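Heads up, the thing below is written out as structure tokens.
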Amino acid sequence: MRRIALAGLLAMTVALTAGAAAPGPRMPIESFKQLQQPLPLPYDEGANADRAVAGAMAKARKDGRLVLIDLGGNWCLDCRVLAGTMGTQPLRSWLSAHYEIVLVDVGRFNKNLHVSRRFGVFGKLEGVPAVLVVNPRTGKLVNRGHVTALADARNMTPQSLADWLARWVS
């Protein structure tokens, strides 16, 4: 229990204090409990992850945006909170201007893990959602060392989630 609380505090600290380039859009809600219920089940368990990532990379390269790869599972409350928050206005519009988003189902850490390895995240994912921010022109991971910072999304405010996502946009 203490370890979970420390992980949540660490995720919030990273999200809130890590030198954001600019704050995200002002969020009209203060808690994930204000999100539309039921929370979304965002991950297509039958999707071809390689095809989805390749398509997102090509579209982002063409449009001059970053790629946000959200690795998670429909069983995960934090993944569903992140998806629900990203689906609210004004964040949804802001995200579409800056990111090409692709959601990849990792099952119960037993599928599509090669996607994270492709971008230099080796070993077991320490939690989900794991968010990879990738520069589509170079194929390089932009948020190295912060991939699982949102794995405790339910204990973060929607504003801190928006600000974390804004952190990687220059």
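Residue count for segment 65-90 under the criterion of being in contact (Cβ under 8 Å) with a residue 60 or more places away in the chain and more than 13 Å from the chain's Cα centre (by Cα): the result is 5. Contact annotation: residue pairs with Cβ atoms under 7 Å, 6 or more positions apart or on different chains, pairing a residue in segment 134-156 that is closer than 21 Å to Ala56 by Cβ with a partner that is of a type in the set (Phe, Trp, Tyr) and in a loop (DSSP other than H, G, I, E, B), are Val134/Phe119; Leu141/Phe119; Val142/Trp168; Asn143/Trp168.
Every residue, every condition in (1) modelled with pLDDT of 95 or more; (2) surrounded by fewer than 18 Cβ atoms within 10 Å (Cβ to Cβ), yes or no:
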| residue | (1), (2) |
| --- | --- |
| Lys33 | no, yes |
| Pro38 | no, yes |
| Gly46 | yes, yes |
| Gly55 | yes, yes |
| Ser96 | yes, yes |
| Val106 | yes, no |
| Lys111 | yes, yes |
| Phe119 | yes, no |
| Leu132 | yes, no |
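Residue check: is Ala54 free of Cβ contacts under 8 Å to residues at least 24 places away in the same chain and aliphatic (A, V, I, L, M)? For Ala54, the condition - free of Cβ contacts under 8 Å to residues at least 24 places away in the same chain and aliphatic (A, V, I, L, M) - is met. Picking from residues in segment 155-170 that are among the polar types (S, T, N, Q) and either within 13 Å of Arg26 (Cα to Cα) or in contact with a Gly (Cβ under 7 Å, 6 or more places away or on another chain) (or both), the one that is surrounded by the fewest Cβ atoms within 10 Å (Cβ to Cβ) is Asn155. Scan segment 19-31 and give yes if some residue there is surrounded by fewer than 13 Cβ atoms within 10 Å (Cβ to Cβ), over 22 Å from His98 (Cα atoms) and touching a helix residue (DSSP H, G or I) at 6+ places or on another chain (Cβ under 9 Å), otherwise no. Yes, because at least one residue in segment 19-31 is surrounded by fewer than 13 Cβ atoms within 10 Å (Cβ to Cβ), over 22 Å from His98 (Cα atoms) and touching a helix residue (DSSP H, G or I) at 6+ places or on another chain (Cβ under 9 Å).
Listed here are the residues, each with its yes/no results for (1) among the hydrophobic types (A, V, I, L, M, F, W, C); (2) closer than 18 Å to Glu45 by Cα; (3) in contact with a Ser or Thr (Cβ under 6 Å, 6 or more places away or on another chain).
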{"site": "Leu66", "(1), (2), (3)": "yes, no, no"}
{"site": "Cys79", "(1), (2), (3)": "yes, yes, no"}
{"site": "Leu103", "(1), (2), (3)": "yes, yes, no"}
{"site": "Leu113", "(1), (2), (3)": "yes, yes, no"}
{"site": "Pro129", "(1), (2), (3)": "no, yes, no"}
{"site": "His146", "(1), (2), (3)": "no, no, no"}
{"site": "Arg167", "(1), (2), (3)": "no, no, no"}
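For segment 115-170, which positions are farther than 21 Å from Trp94 by Cβ, outside any loop (DSSP other than H, G, I, E, B) and not small (Gly, Ala, Ser)? Within segment 115-170, Val115, Arg117, Arg118, Lys140, Leu141, Arg154, Asn155 qualify.
The values are calculated or read from the model by the stated rules, or taken from the named source; none is laboratory data. Because the structure is predicted, anything quoted here is derived from the model rather than measured. Cβ: placed from backbone, ideal geometry, glycine included. Neighbour counts: every protein chain shown.
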